[in-house]
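Novice: The structure is given below, and queries will be raised subsequently.
Derivation of every value follows stated rules applied to the coordinates shown; laboratory data play no part. Just so you know, these numbers come straight off a predicted model, no measurement behind them. Using ideal geometry, Cβ is built from the backbone for each residue, glycine included, and neighbour counts are taken over all protein chains shown.
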Amino acid sequence: MATGADVRDILELGGPEGDAASGTISKKDIINPDKKKSKKSSETLTFKRPEGMHREVYALLYSDKKQDAPPLLPSDTGQGYRTVKAKLGSKKVRPWKWMPFTNPARKDGAMFFHWRRAAEEGKDYPFARFNKTVQVPVYSEQEYQLYLHDDAWTKAETDHLFDLSRRFDLRFVVIHDRYDHQQFKKRSVEDLKERYYHICAKLANVRAVPGTDLKIPVFDAGHERRRKEQLERLYNRTPEQVAEEEYLLQELRKIEARKKEREKRSQDLQKLITAADTTAEQRRTERKAPKKKLPQKKEAEKPAVPETAGIKFPDFKSAGVTLRSQRMKLPSSVGQKKIKALEQMLLELGVELSPTPTEELVHMFNELRSDLVLLYELKQACANCEYELQMLRHRHEALARAGVLGGPATPATGPVPASTEPAVSEPGLGPDSTKDTIIDVVGAPLTPNSRKRRESASSSSSVKKAKKP
């Protein structure tokens, strides 16, 4: 017979509290005794932290799950400090003594006192190792007369210089300040350095042992004087000179950028010319070749053409079936402007934009479009060169009229063409504007597109002026 506990177990219903109280053991209690406890704990309601409430504030809220409620008053249950105190041992403390000491850096024998451990009594002063002195060479009377004699320096003045060098550790600015300018000739810092290092180099050469590598100090007094003079000039510049230098540096950067741009344009033009010559030579070779040769052999014998020449169509050599019309598709490297120009040229020639893709037509149609694109690029380069030549000619005439090129200023014999307006950067050419004009000559000329933009801008501004009352 199935009992009520079995039915509740099959229907996964919780047993009554009386079963646990009465002490009856069910099947669930035998199989999984811990499941009952976990289900009880999961049955307790859990509240999610409201959005926008900080974690610390939510932790202060009281819930049944917590065993103790948060305190109402602040309390400090921790006994002692947060950090552990140093555990002092019961060993005997090392004794300290008030003892005298002398500093080896002092030559007056002054005696000082300080606290020190008794075990360190009699040891040297620990900071004496930082007392570093410069080894200044010493010369005898005979060495001075034989090697160090100089008409511009007396022996007494040289001795005075070396004495100050020992006292102030070759700090030549201090040596120059303490130098006896009343008794001796007035010297600069560079003169003192030059004399000192010259004597050091002479003594090193004289006293050197043959076969040893010498490290002779060298001091260039002339370079040091020029450096300080240049630094003084740089410091004494006026704001106008600083602004002029910045302007010249800016113009220099512009000139270099324009020069690189011109070089790049000339290289591109040379590539186009080379590609055109190569294509023409290739066509001439194909016409002279016998007709018995297959097209595949012709393609193998073609000379290498630069990538910039016309259109480079992709080769469909992958495995699988491909449509012949795919070979007529223009690659993505061709711009939209070139595509429109190519379509316009094909319409002018009366050629269909999508002919029947036979083997011969596909090959000839691709060659035709490649040649048309090359022709379009050559025409565009030619137009840019002609426009650049025209602009430079007009600028040359404007500079010649202003007398900038060395000759006398020549008056204008006729009306100035409209294309010469952008050639002059300022309305009046005078001594103040010659620098700007000369710099503009080196710059990159305006292209036909920029000329059209200027003309449209000027026309729109004139229309606005006409509309004003």
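Novice: Highest mean first, how do 351-361, 152-162 rank when packing is the count of other Cβ atoms within 10 Å averaged over residues? Show your work: numbers first, answer last.
Specialist: Numbers: 351-361: 11.0, 152-162: 15.1.
Output ranking for 351-361, 152-162: 152-162, 351-361.
Novice: Round to a whole angstrom and tell me the spacing of the C-alpha centers of segment 320-341 and segment 202-259.
Specialist: When both Cα centres are located, 61 Å separates them.
Novice: Determine the shape class of segment 149-237: with a ≥ b ≥ c the square roots of the Cα gyration tensor eigenvalues, call it rounded for a/c under 1.5, and otherwise prolate if a/b is greater than b/c, oblate otherwise. Intermediate values should be presented prior to the final figure.
Specialist: Numbers: a/c = 2.19, a/b = 1.33, b/c = 1.64.
Here segment 149-237 falls in the oblate category.
Novice: Then there's this: Residue by residue, what Karplus-based ³J(HN,Hα) values in Hz, rounded to whole numbers, does segment 194-210 have, using 6.51, -1.76 and 1.60 with θ = phi - 60° and x for Gly and Pro?
Specialist: Listing the rounded values in order: 4, 5, 5, 6, 5, 5, 4, 5, 5, 5, 5, 5, 6, 8, 6, 7, x Hz.
Novice: Here's a follow-up. At a Förster distance of 25 Å, what's the computed FRET efficiency of L375 paired with T322, Cβ-Cβ distance as r, to 0.05? If you can, show how the numbers build up before the last one.
Specialist: Working: r = 29 Å, r/R0 = 1.18.
For L375 and T322, the calculated efficiency is 0.25.
Novice: Between rounded, prolate and oblate, where does segment 333-402 land on the alpha carbon gyration tensor, with a ≥ b ≥ c its root eigenvalues, rounded for a/c under 1.5, else prolate if a/b exceeds b/c?
Specialist: Values: a/c = 4.33, a/b = 4.05, b/c = 1.07.
Cα axes put segment 333-402 in the prolate bin.
Novice: Can you pick out the pairs among K271/K340; K202/K228; K264/K338; K132/K185; K264/K337; K254/K329 whose Cα atoms lie more than 30 Å from each other? The partial results should precede the final answer.
Specialist: Numbers: K271/K340 23 Å; K202/K228 27 Å; K264/K338 21 Å; K132/K185 32 Å; K264/K337 21 Å; K254/K329 42 Å.
From the list (K271/K340; K202/K228; K264/K338; K132/K185; K264/K337; K254/K329), the Cα-Cα distance tops 30 Å for K132/K185; K254/K329.
Novice: According to the square roots a ≥ b ≥ c of the eigenvalues of the Cα gyration tensor, what is the shape class of segment 239-285, taking rounded for a/c under 1.5, prolate for a/b larger than b/c otherwise, and oblate for the remainder?
Specialist: On the way: a/c = 12.45, a/b = 11.55, b/c = 1.08.
Verdict is prolate for segment 239-285.
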